[in-house]
1. What order do Glu505, Glu322 take when sorted by accessible area (1.4 Å probe), most exposed first?
2. Over the chain, what is the percentage of antiparallel beta bridges among all DSSP beta bridges, to the nearest 5?
3. Kindly provide the GluC sites (Glu not before Pro) of segment 182-233 that DSSP labels as loop, not H, G, I, E or B, and whose Cβ sees at most 10 other Cβ atoms within 10 Å.
4. Would you mind checking which residues have amide H under 5 Å from Gly46's amide H? H placed 1.01 Å from N; only 5 or more apart, or other chain.
5. Read phi for every residue in segment 133-138 and hand back ³J(HN,Hα) as whole Hz from Karplus 6.51 cos²θ - 1.76 cosθ + 1.60, θ = phi - 60°, with x for Gly and Pro.
6. Taking only protein heavy atoms into account and a 1.4 Å probe, give the accessible area per residue of segment 48-88 in Å².
7. From the backbone phi of segment 326-337, what are the Karplus-calculated ³J(HN,Hα) couplings (6.51 cos²θ - 1.76 cosθ + 1.60, θ = phi - 60°) in whole Hz, Gly and Pro given as x?
8. Return the sequence-ordered ³J(HN,Hα) values of segment 34-40 in whole Hz as given by the Karplus equation 6.51 cos²θ - 1.76 cosθ + 1.60 applied to θ = phi - 60°, using x for Gly and Pro.
Amino acid sequence: MTHDHDLVLRPTPAQTEAALNPPPGRTGGDLVVETLAGLGATTVFGLPGQHALGMFDALRRSDLRYIGLRVENNAGFAADAYGRITGEAAPLLLSTGPGALTSLAALQEAAAASAPVLAISSQVPTAGLGGGRHGYLHELPDQAASFRGVVKSVHTVRTQSQIPSAIEAAWKSALSAPHGPVWVEIPQDVLLARTAIPVVTGGDAFPEELPPRPELTAVAADLLSKADRPAIIAGGGVIRADASKKLRQLAETLQAPVVTTPGGKGAFPWTHPLSLQSWIEDRHTTDFLQDADVLLVVGSGLGELSSNYHTFKPRGRVIQIEADLGKLESNHPALGIHADARLALQALLETVSERQDPTAPERVRATLSKVAERISAQELTLEQEVLASVRKALPADSPSFWDMTILAYWAWSAFDAKGPNHMHSAQGAGGLGYAFPAALGAAVADPTRPVLAVSGDGGALYSIAELATARQYGLNVTWLIIDDGGYGILREYMTDAFGEASATELTRPDYVALAESFGVPGVRTTPENLEQDLAKQLASPGPSVVLLPAVLRMFAPTHLD
């Protein structure tokens, strides 16, 4: 009798020939790039450094496409976006010590947003591992410790034979639900030494699935089928699981209104009769969700933004579907279902009963009307017009990437993403400088569509160096920079809290002239001309910058009421 675990994949004749007669001059670095290619990678991001030269020399002998950015953190943001757009693990090649540590903020964002990034860093020579003070360049007592609290898994290689298995394990970890960044480190001498190990010709690139427990979905289906006022909160897990169609089917079957979190933008059609859109920071929406007798939360941990800053207090039964075990019931008691959103929604679709509720669309319309009335009473016409101009200028199928800036905060609530996986921001970890390098990564992933990046003038200064990257690779990214003279949202926060702001005002360059010095076209626009100017640049191939001098204000928060 033959058992599944007895089956062994036999090498093809070509693989056997490559194994018996490997090409000369290969090193540990070749094992890295060969493993990546065998797992299906086509593109890598990163920056070279002295300890990592073995990897970068091997790239020259491979078919992998290398996209080099100017700052390691920006390379991490680019890999993050590439992973979000493609659903693949995006390799990020880094050097030891300062180079590796500079990527930490980007990896924190990838972890918070569940973006699959495969970071591979060099290390000091093997003799320097173990925490001693040997005085090697870039030496840290324990480099991996700096990443262990940020990434999903850490893999330290000590010999060349460990390289393929370590990278394959990290690849699977990055792509297993919940997705996330992982860390592999390889000593300099292991990367540089000649290798007699055969050419790596393949790998198991399939991560393990995370199905729901059937007894839990049976209870959830029964609760939803018998509910009087069911509602759904859809988070980023729906996007990552490619489960938007299943979400819509379930909502229509149950006649359950749906609100999407900032990370779940586009998971449900914006103009659908059951769509509460994304006004999750609004008290009227919060009240609506609190009134649900059964609330289904899919792919969200109900964190700060998704709970209207923890003022959301559900009165009904909560069902939470979440792939990240640490987020399950972390903020509210629930029927917790640890599962991939797609598999869990499919299980519910197979077991729920159809509901009839002609009042649901009317209750949605009434809530959205209350939200609109609240916003219109605050005299925020400029902000709404600017956001509307961006939406009109941006093609419906183009992705957009938003920095932590006032217009992005508006977009979390008021921007129609026009589809799943189209709108991304740094709201996971909340760091500055995300938008432009992330947009570059998205343009590498799909060069057929223009990509929009939106930054404030403060956040833009984090990423100016990447104008050179955009020009070098001719990437189709239009960068909208809104210049309000400093850190606008912090200015507003401090003025509201303390009566005046400090440390928020900035001396800025002439962004248009600066862009042109990189060979990137730039245009200064006005709110009245924004739609036309932005559309023109988005329609032009290659990178461009659109500068909008404007002071925007936030709508009043409701969590302080």
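The values are calculated or read from the model by the stated rules, or taken from the named source; none is laboratory data. Here the structure is a predicted model, which is why all the values come from computation and not from measurement. Cβ placement follows ideal geometry from the backbone for every residue including glycine, while neighbour counts extend to all protein chains displayed. To get the accessible areas, we keep the full protein, side chains included, count just its heavy atoms, and leave off ligands, DNA and RNA. Shrake-Rupley method; radii C 1.70, N 1.55, O 1.52, S 1.80 Å.
1. If we order Glu505, Glu322 from most to least accessible, we get Glu505, Glu322.
2. Working: 2 of 61 bridges.
Given both bridge residues lie in the chain, the antiparallel proportion sits at roughly 5 percent.
3. Glu208
4. Residues meeting the criterion, in which the H sits 1.01 Å from N, are Ile67, Leu69, Leu93.
5. For segment 133-138, the Karplus curve yields 9, 8, x, 5, 4, 6 Hz.
6. 38
7. Ordered by residue, 3J(HN,Hα) equals x, 8, 5, 6, 6, 10, 9, x, 7, 7, x, 10 Hz.
8. 5, 5, 4, 5, x, 7, x
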